[in-house]
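Step one of this worksheet: look at the structure below.
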Amino acid sequence: TYGLPTILTNCSNNYGPWQFPEKLIPVVILKALGGQSIPLYGDGKNIRDWLYVEDHVQALLLTAIKGNVGGKYCIGGNSELSNRQVVEMICSVLDEISPVSKNYSHLIRFVQDRPGHDYRYAINPSLIMKELNWKPSYDFEIGIRKTVSWYLSHLDWCKSVLDKSGYHGQRLGG
């Protein structure tokens with residue numbers, strides 16, 4: 001309408017350092033480390049494409065510098081996984097780098113799904129890959145290891161954020 005030189009981007013689910021602890025990956029890490037039940041919605045088969053946050057930032061910078069004005073780019077991690085796969089991978093990484101007497105996966109508990117919870121979020125990043133020669137640098141296995149390690153070394157930050165926010169692991173969003 002106003003001739004602004006805009007570029008639109010959409011992305012898949014981001015994960016990595018500094019994510020607010022009510023999101024799936026930080027919740028799983030913190031609940032597991034606390035020996036608490038790890039909630040998994042429904043049957044755990046909901047699918048998401050996961051994008052490591054550093055890859056997202058790089059894609060945003062690239063689109064801002066080299067993207068076509070008026071262009072629309074989908075940014076995805078090429079890592080479609082079920083929530084159950086994600087939770088089990090986190091537990092497996094924790095078993096390796098912060099072992100306890102039992103595997104963390106014994107803490108997984110299936111809970112009632114949120115009303116209207118989408119079954120699948122998918123994104124097709126082929127345009128940004130083809131047009132701007134971008135692709136994610138991190139596959140999920142590497143990114144989740146970095147993420148779990150980061151949370152392990154920043155537990156004080158997590159506690160501070162949780163205390164300041166008043167969020168203590170309760171279910172949000174219905």
Checklist entry - How many residues are farther than 24 Å from residue 167 by Cα and touching a Gly at 6+ places or on another chain (Cβ under 9 Å) if we restrict to the stretch 11-49? => result 3
Next on the checklist: Let me spell it out: the conditions are (1) open to solvent by 70 Å² or more (accessible area, probe 1.4 Å); (2) not in a helix (DSSP H, G or I), and residue 146 meets all of them except one. Which number is the exception?
Outcome noted: (2)
Next on the checklist: I'm checking my understanding of the structure. Among residues of the stretch 63-88 that are buried (at least 21 other Cβ atoms within 10 Å of the Cβ) and either among the β-branched types (Val, Ile, Thr) or free of Cβ contacts under 8 Å to residues at least 40 places away in the same chain (or both), which one is farthest from residue 39 (Cα to Cα)?
Outcome noted: 63
Checklist outcome for this item: Restricted to the stretch 91-141 and to residues being of a type in the set (A, V, I, L, M, F, W, C) and without any contact (Cβ under 8 Å) to a residue 60 or more places away in the chain, the residue least open to solvent (accessible area, probe 1.4 Å) is 93
Checklist entry - Among the residues of the stretch 32-57, which ones are farther than 24 Å from residue 76 by Cα, surrounded by fewer than 20 Cβ atoms within 10 Å (Cβ to Cβ) and either in contact (Cβ under 8 Å) with a residue 40 or more places away in the chain or of a type in the set (Phe, Trp, Tyr) (or both)? => result 33, 35, 36, 37, 39, 42, 43
Next on the checklist: Considering only the stretch 150-171, I want to know if a residue exists there that is touching a residue at least 12 places away in the same chain (Cβ under 8 Å), of a type in the set (D, E, K, R) and open to solvent by 80 Å² or more (accessible area, probe 1.4 Å).
Outcome noted: yes
Checklist entry - For the stretch 66-86, what are the residues that are of a type in the set (Val, Ile, Thr) and not in a loop (DSSP other than H, G, I, E, B)? => result 75, 86
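The values are calculated or read from the model by the stated rules, or taken from the named source; none is laboratory data. What you see is a predicted model; the values in this text were computed from it and never measured. Every residue, glycine as well, gets a Cβ built from its backbone with ideal geometry; the counts of neighbours run over all protein chains shown. Heavy atoms of the whole protein, side chains included, go into the accessibility calculation; ligands, DNA and RNA do not. Shrake-Rupley method; radii C 1.70, N 1.55, O 1.52, S 1.80 Å.
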